[in-house]
Amino acid sequence: MYVRDAKNRDEAWLLDAIERLGLDDVAFRSRDYVIAVDEESGDRAGFGRLRLHRGDDTERIELTGIGVLPEWRGRGVGAHVVERLVDTAAAEGFETVYVLTDQPEYLTQFGFEEVDTDDLPAALSDRLEEKREFLGGGVTGLRVDVDEFEMSDRLREAFKTVEAGDSPDEDDGTTESAEDFGIDPETATYKYDTGR
């Protein structure tokens with residue numbers, strides 16, 4: 001498993017995954033995303049992005065659109081996506097990364113701390129209102145100094161040890177039948193009938 005920058009060819013997959021997970025795609029640009037990919041199968045497992053906000057005379061960076069496909073959860077994928085984004089922000093000269101989320105408990109394990117709404121930069125306060133409207137409330141602001149970001153050994157190891165045998169597409173030994181797809185094998189024809 002590894003995390004890479006998204007490419008143009010990932011755009012359709014990203015938009016589909018964002019919609020499936022119910023995430024917002026405001027100001028969507030595929031090049032802003034990173035994607036976690038299984039080395040063996042090439043399956044994409046998770047993603048996230050950084051969004052730049054320009055204010056009065058300062059710029060702020062927001063970590064947003066973090067998603068892990070359900071079949072890949074619990075394997076450290078989200079943690080490594082977050083780590084890659086924080087590292088990218090640090091490389092671009094940002095000292096603090098903000099996130100607006102309805103799941104703050106996930107991010108606090110990495111050192112993110114809650115920010116009072118009044119202490120959020122203006123651009124992020126506006127964005128907080130947008131996200132609350134989109135998600136139906138319950139969204140809080142968090143921030144972490146890039147030097148304070150920390151990932152547990154458990155999550156690091158979970159990510160390293162994902163193997164092809166752990167792939168969610170792995171054959172589980174069940175055999176699918178025609179009935180599983182609503183087909184009556186006694187009456188169904190598997191040839192095209194053109195009516196000629």
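The values are calculated or read from the model by the stated rules, or taken from the named source; none is laboratory data. As the structure is a prediction and not an experimental result, all values here were calculated from the model. We place every Cβ from the backbone using ideal geometry, glycine too, and count neighbours over all the protein chains shown.
A few points about this structure:
- Strands (runs of 3 or more DSSP E) contained entirely in segment 1-97, each with at least 1 residues that are under 13 Å from the mean Cα position of the chain (by Cα) and modelled with pLDDT under 90: 59-68
- The set of residues in segment 1-47 being free of Cβ contacts under 8 Å to residues at least 12 places away in the same chain and among the aliphatic types (A, V, I, L, M) consists of A12 alone.
- Single residue of segment 133-158 satisfying the filter (surrounded by fewer than 17 Cβ atoms within 10 Å (Cβ to Cβ), in a helix (DSSP H, G or I) and out of contact with any Gly (no Cβ under 6 Å at 6 or more places or on another chain)) that is modelled with the highest pLDDT: D147
- Only one of the listed residues (G55, G42) is on the phi > 0 side of the Ramachandran plot, loosely packed, with under 13 Cβ neighbours inside 10 Å and of a type outside the set (S, T, Y). That residue is G42.
- Put simply, of L63, L85, L21 the only residue that is touching a strand residue (DSSP E or B) at 6+ places or on another chain (Cβ under 6 Å), crowded, with 18+ Cβ neighbours inside 10 Å and within 23 Å of E133 (Cβ to Cβ) is L63.
- Looking only at segment 83-113, and only at residues there that are aliphatic (A, V, I, L, M) and free of Cβ contacts under 8 Å to residues at least 60 places away in the same chain, the one that is nearest to G137 (Cα to Cα): L100
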